Amino acid sequence: MKLTRRAFIRTTVALGAGAVGATTVRAKESTTPGGATVEDTTAHAVRWFGAKGYAPDVAAPLISGIPFNGGLNFDDHFEASEKARYVVQPCSRVEDLRKKDSPGTLPLFTIFGTAPDPGRPLADHVKDLVGFLTGPAGIDPARLRVTTTELSKSVFPVLADLGIASDRIRLQPVEKAKREGAGSGFFAPSGHPQKPAFATFSVEFAMSDGSELEIAEIGTESGGRTSGAGGFGLERVTMARNDRPIPWSERLPVFKDAVEADAKSRGVPLPPGYYEVLGLPRPDAVKKS
């Protein structure tokens, strides 16, 4: 039986990142003994945003069916709406293969994405997202850093109220942020089919070993669809809660199982990104040789 998109998100919300593409795919608990799990973080997020009036939306399949990003889903997706929504979206970014040894980089991760109510002020959405990190997620705001540009200065007083003082807000040149397009000041990934381009700030967590993990991003352009749109990585937030990175190798078998399950359930071929991330030869390349 094929897995519908609505069943897909029900399964994902119920099991967190342990269920992506089919109910039979479960991740190992990515936690230290007695620590938080990704499933636990997901449950906290669903309760927090649900209580604030955000409605669950349907996650896109892990296999996107388009050439961008090796045929794998890159980020969350929302259609225009007058209601605030959230989505638990499994993703993989082929470009991350180049930095797989960096703490916190994973072959498969889950975005808890939020789409704002256009009738609410930007400040309220910042409070919702960052407030989750410092509230239900239990992260000490003194260990949070923000990276952005002067384009986001309107939210600095809100961040200060949430415990992120100005000395922990790092500014980079606007043109540099636009050129990189990675979300630490501006989100505009090269080649992205939707061509997003909007001002943002990223939130980083200072690990006890001196490294930093980017755990969230939020749009800061007032008045448009991207105003207050943002989200956080469920695995990254869990790493921050445990003060322990999850290694790439730990999630690689989960990536393999998840892509295979999605392909089987929907009757679609395995995408090029599957072979690239796993370091496997593509079947068509084997035939040609």
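The values are calculated or read from the model by the stated rules, or taken from the named source; none is laboratory data. Worth saying up front: this structure is predicted, and the values here are computed from it rather than measured. Ideal geometry is used to build each Cβ from the backbone, glycine not excepted, and the neighbour counts take in all protein chains shown. Ligands, DNA and RNA are excluded from the accessible area calculation, which covers all protein heavy atoms including side chains. Shrake-Rupley method; radii C 1.70, N 1.55, O 1.52, S 1.80 Å.
How much length, in nm to one decimal, is gained on full extension between residue 212 and residue 192, taken as 0.36 nm per residue of separation minus their Cα-Cα distance?
Separation in residues times 0.36 nm, less the Cα-Cα distance, equals 4.6 nm.
Please calculate how many Å² of accessible area the stretch 121-183 carries per residue, with a 1.4 Å probe and no DNA, RNA or ligand atoms counted.
Per residue, the stretch 121-183 has an accessible area of 46 Å².
With a point put 7 Å past each Cα toward its Cβ, work out how far residue 243 is from residue 82 in nm, to one decimal.
Reported label-point gap for residue 243 and residue 82 is 4.8 nm.
Could you sort 45-53, 204-212 so that the peptide with the highest average Cβ count within 10 Å comes first and the rest follow in order?
45-53, 204-212
Only Lys, Arg, Asp and Glu count, each charged at its Cβ (+1, +1, -1, -1), so figure out the dipole size of the chain about its Cα centre, rounded to 20 debye.
Value, rounded to 20: 720 debye.
Just to be sure I understand: if I project the alpha-carbon convex hull of the stretch 164-236 onto a plane and average over all orientations, what area do I get in nm²?
The Cα convex hull of the stretch 164-236, projected and averaged over all directions, gives 6.1 nm².
Identify which of 110, 220, 147 has the largest mean-square fluctuation in a Gaussian network model of the chain, with springs joining Cα atoms closer than 10 Å.
Maximum fluctuation in the GNM of the chain, among the listed residues, is at 147.
Explain nothing, just compute: Karplus ³J(HN,Hα) = 6.51 cos²θ - 1.76 cosθ + 1.60, θ = phi - 60°, for every residue of the stretch 61-66 in order, whole Hz, x for Gly and Pro.
So the Karplus estimates, Gly and Pro as x, are x, 5, 8, 7, x, 10 Hz.
³J(HN,Hα) across the stretch 258-270 via Karplus (A = 6.51, B = -1.76, C = 1.60, θ = phi - 60°), whole Hz, x for Gly/Pro?
Going residue by residue, I get 5, 5, 4, 5, 5, 4, 5, 5, 9, x, 10, x, 5 Hz, with x marking Gly and Pro.
Can you compute 3J(HN,Hα) from phi for each residue in the stretch 104-115, using the Karplus curve 6.51 cos²θ - 1.76 cosθ + 1.60 with θ = phi - 60°, rounded to whole Hz and x for Gly and Pro?
With the stated coefficients, the stretch 104-115 comes to x, 7, 10, x, 9, 9, 10, 8, 8, x, 10, 10 Hz.
Provide the FRET efficiency to the nearest 0.05 for the residue 280-residue 100 pair, computing r from the beta carbons and using R0 = 25 Å.
So the FRET efficiency works out to roughly 0.95.
What net charge is computed for the residues neighbouring residue 207, neighbours being all others with C-beta under 10 Å from the C-beta of residue 207, Lys and Arg scored +1, Asp and Glu -1?
-2
Can you show me the helix-derived [θ] at 222 nm for the chain, built from DSSP H runs with n ≥ 4 at -39,500 (n - 2.57) apiece and divided by the number of residues, rounded to the nearest 500.
It comes out at -9500 deg cm²/dmol, rounded to the nearest 500.
Search the structure for amide H atoms under 5 Å from the amide H of residue 170, placed 1.01 Å from N in the peptide plane, and list their residues when 5 or more places away or on another chain.
146, 147, 148
Carbon and sulfur together cover what percent of the accessible area of the chain at a 1.4 Å probe radius?
53
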